[in-house]
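The values are calculated or read from the model by the stated rules, or taken from the named source; none is laboratory data. Every value quoted in this text rests on a predicted model; they were computed, and no experiment measured them. As a convention, Cβ positions derive from the backbone with ideal geometry for all residues, glycine included, and neighbour counts pool all protein chains shown. With ligands, DNA and RNA removed, areas are computed over all heavy atoms of the protein, side chains included. Shrake-Rupley method; radii C 1.70, N 1.55, O 1.52, S 1.80 Å.
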Amino acid sequence: MTSTTTRTTRILAILLPAALLTGACGSNDGAGQENPAEATGEFDWQRYSGTEIRVSSLQFPWQEAIAERLPEFEELTGITVALDALPEEQFRQRLQVEMTSGSEDIDVFATSPQNDAARFVQLGWYEDLNPMLSNESLTSPDYDFADFGEGLIESQTYDGQLVSLPTVVETQIFFYRPSVLEQYDLEVPGTIDELESAAATISEDGEVIGWATRGKRAAAVTQIASFLYNYGAEFIDEDGQAAFDTPEGVEAFQTYGDLLREYGPAGSANNSWEELLALFQQGQIAMWADNSGQVASVLDPEVSSVADDVEFAPMPAGPAGDAQTFFGWSAAISPESQEKGASWLFLQWATSPEMVEELQVEADVVGGRESAEFADDTPESFIDAFQSSLARSRSQLPAVIPVPEVRDAIGQAIVVSIEGGDVEAAVSTAAEEFNRIVQAQQ
Amino acid sequence: MNDVIDRHVKSVFATPAVAFVVLMMIFPIAYTLYLSLHDWYGSTTSPPTFVGVDNYVRIFSNDPRFWDALGRTLLFTGLAVSIQTVLGVAIAVLLHRQFAGRGLVRSLMLLPMIATPVAVALVWRLLFQPELGLLNDMLMAVGLSPSAWVADSSIALFCLVLVDVWEWTSLITLVTLSGLVALPTEPMEAAVVDGASAWQRFWLITLPMVRPVIVIAVVFRLIEALKTFDPIIVITQGGPGFATETLNIYIYNTAFQYQQLGYASALLLVFFAIVFTLAAVTLSFRRGKASS
């Protein structure tokens, strides 16, 4: 009796506190050998030669492309970079454990300001980049920060702090296989109604899946945003309260779920982008909505069997509008880093005008610089769809502090809709949950 | 120096163990208790804020997700452990007989239990995959319609019970088997002489005699099943929606997705109390029966 319960005690209790143990004892002075913001003299890439930094990222095309080019950076600066990457969910969890424990191990990390920034700023997990950016000894005269465009810079700025630099800019994109549409004599859908009838036609044969998008709880929330906006609903009202439980909002949820249930792949409620990308690459899906960051993996003939059979369009419009939606990834510096100067040089190199264009041209990784050109062989339809979407795009997530938690609440209503349950009740429960969560944490 | 050691030899030998217990068990529990009375999001700049018993009040009055998760945890554990117990004991009785290749079969039985849980879960995840998985291929091969398996809210939890049963039935078998081997043969011989049928011998003699051993195995499984984590996080991550979100998964999300470390600590302690109570109740059942 005693031995079994003590054992339980130990296993149960050790998980959380053990992770926090170091945090309680950790120190908070992140000062390295010199305060980089006070650096003087000429700008010099070799200023921090001989140091070593650790970059932590999720696995995605940007990180793969940067990993290939690290030797260039190491030669340019003499800084050694250890880049580690995990799948998104595991990456987020490990980042949170390390940041909570005040670890000095992470110097640079990938972050999504829309999802993370409100909370991370509150927790003090971002180093303000402004002092380093404005120091001419640390920032190359060729950096051209304004090239990112005002809107994008604003999306990286919280309480006057520049929290991160944009690495990847994505919009929701409509991917389709022209050969399949041609086979059934279909036009590219311009509205959700047209999308539905096209999906119905394709799915009838059962050869290919007519339509797919994310159905997994939190992951699906970024993809339903365009449905909400284009059916005339919003995530939140001016007071930050849930506003998606209007009749228009319920219709958006209903349509999103109906389309997936009727024409989507089996088991949609467990599909995030990883699963759908694999199905699309295998040629099993005819039409797919996801973020434009997937373009690199879809166009890579080594991993995609549809690399020469894919075209792109903006997301089809709804009855109340044709807003498009965006999502972004950025890179930030940890305040606990002992190598902030070296980390800043890394950020600068990875988001320099040359590198952003190089990644865009050679790896189909689209960064946020207005000056950057696309490759000659990037499909024209992608460039059109991406640029026209970005120009009229809105955020894929509500601007509240506890984003991950409200994503789960909203996502639950999406799952109910996919499974054919009572959507109106599920949406109103989600809205109540949303308000409860936001109220508890403001 | 040597004198000091000699005089206090008992405490000197006990010190490492005591230090280990304090460091690895008592401190974490105390710190969890401390955090459970605070609001803390893991900030490196602001310390935890004291909120008294607010977190506990919230668990019992304003957290439907907790109660749903608790219900799922109990359902999962109840189903998994009862199926495992019945199957496990039955298999143990079978394996107790003499037959050719018994040693080999016994070893094979243990394989699911020995395999790495995460690897096992990944394999099951592939088997369950509705578009590409083997299970749907098998269903369709015999003319049945495919299922969404873990992507269907209404059966996802039962799929996870299936995985747990597959993986852990052999633990019950193993423990029961060792109990059977240790049984005295005299009562059995007496029963045969008295003309008891095979069923009577099993039900009235074998089972009561191995019951204390079975209860121990059940308690082990009960505790482990309540805390099941690896297969759920790998196969469904608590989804679809919240359909397989057990208490452990909910607490994990609260701590590591939502950063509510104070609230997660309170949840952990409540969860601990539940596991403790259930284990104690089951064990008292064994003692009560044994002494009667």
Query raised in the report: Within the range B:224-240, is there a residue that is over 23 Å from the mean Cα position of the chain (by Cα) and at the interface with chain A (Cβ under 10 Å from one of its Cβ atoms)?
Result: no
Report summary line: The residue from B:A255, B:A196 that alone is surrounded by 14 or more Cβ atoms within 10 Å (Cβ to Cβ) and at pLDDT below 85 is B:A196
Report summary line: Scanning the range A:214-268 residue by residue, those part of a helix (DSSP H, G or I), out of contact with any Lys or Arg (no Cβ under 7 Å at 6 or more places or on another chain) and of a type in the set (A, V, I, L, M) turn out to be A:I224, A:A225, A:L228, A:V250, A:A252, A:L259, A:L260
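If only one of A:A296, A:A320, A:A363, A:A289 is more than 14 Å from chain B (Cβ to nearest Cβ), in contact with a strand residue (DSSP E or B) (Cβ under 9 Å, 6 or more places away or on another chain) and among the hydrophobic types (A, V, I, L, M, F, W, C), which one is it? Steps first, please.
Working: A:A296 fails: in contact with a strand residue (DSSP E or B) (Cβ under 9 Å, 6 or more places away or on another chain); A:A320 fails: in contact with a strand residue (DSSP E or B) (Cβ under 9 Å, 6 or more places away or on another chain); A:A363 fails: in contact with a strand residue (DSSP E or B) (Cβ under 9 Å, 6 or more places away or on another chain).
Of the residues listed, the single one that is more than 14 Å from chain B (Cβ to nearest Cβ), in contact with a strand residue (DSSP E or B) (Cβ under 9 Å, 6 or more places away or on another chain) and among the hydrophobic types (A, V, I, L, M, F, W, C) is A:A289.
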Query raised in the report: Taking the range B:129-149 on its own, how many of its residues are at the interface with chain A (Cβ under 9 Å from one of its Cβ atoms), open to solvent by 40 Å² or more (accessible area, probe 1.4 Å) and touching a helix residue (DSSP H, G or I) at 6+ places or on another chain (Cβ under 6 Å)?
Result: 2
**Report entry** Verdict on B:V21 being modelled with pLDDT of 80 or more, open to solvent by 80 Å² or more (accessible area, probe 1.4 Å) and within 30 Å of B:Q260 (Cα to Cα)
**Finding:** no
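Would you mind stating whether A:L397 is more than 10 Å from chain B (Cβ to nearest Cβ), surrounded by 18 or more Cβ atoms within 10 Å (Cβ to Cβ) and not in a helix (DSSP H, G or I)?
Details: more than 10 Å from chain B (Cβ to nearest Cβ): yes; surrounded by 18 or more Cβ atoms within 10 Å (Cβ to Cβ): yes; not in a helix (DSSP H, G or I): yes.
Answer is yes for this residue.
Matching residues to (1) within 14 Å of chain B (Cβ to nearest Cβ); (2) on the phi < 0 side of the Ramachandran plot; (3) of a type outside the set (A, V, I, L, M):
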{"position": "A:V208", "(1), (2), (3)": "yes, yes, no"}
{"position": "A:G215", "(1), (2), (3)": "yes, yes, yes"}
{"position": "A:A218", "(1), (2), (3)": "yes, yes, no"}
{"position": "A:L228", "(1), (2), (3)": "no, yes, no"}
{"position": "A:E238", "(1), (2), (3)": "no, yes, yes"}
Report task. Read through the list (1) open to solvent by less than 10 Å² (accessible area, probe 1.4 Å); (2) closer than 19 Å to A:T222 by Cβ, then give the number of the only condition that A:R407 fails. Result -> (1)
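Is it the case that some residue within the range B:213-232 is without any contact (Cβ under 8 Å) to a residue 12 or more places away in the chain, within 30 Å of A:E88 (Cβ to Cβ) and crowded, with 22+ Cβ neighbours inside 10 Å? Lay out the reasoning, then the answer.
As a first pass, look at the range B:213-232 and keep what is without any contact (Cβ under 8 Å) to a residue 12 or more places away in the chain: none.
Looking through the range B:213-232, none of the residues is without any contact (Cβ under 8 Å) to a residue 12 or more places away in the chain, within 30 Å of A:E88 (Cβ to Cβ) and crowded, with 22+ Cβ neighbours inside 10 Å.
Out of B:V18, B:V57, B:V22, B:V86, which single residue is more than 14 Å from chain A (Cβ to nearest Cβ) and in a helix (DSSP H, G or I)? Reasoning before the result, please.
Values: B:V18 fails: more than 14 Å from chain A (Cβ to nearest Cβ); B:V57 fails: more than 14 Å from chain A (Cβ to nearest Cβ); B:V22 fails: more than 14 Å from chain A (Cβ to nearest Cβ).
Matching residue, one of B:V18, B:V57, B:V22, B:V86: B:V86.
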Query - Identity of the residue in the range A:116-133, within 11 Å of another protein chain (Cβ to nearest Cβ) and either assigned to a helix (DSSP H, G or I) or of a type in the set (V, I, T) (or both), that ends up farthest from A:L397 (Cα to Cα) - result: A:L123
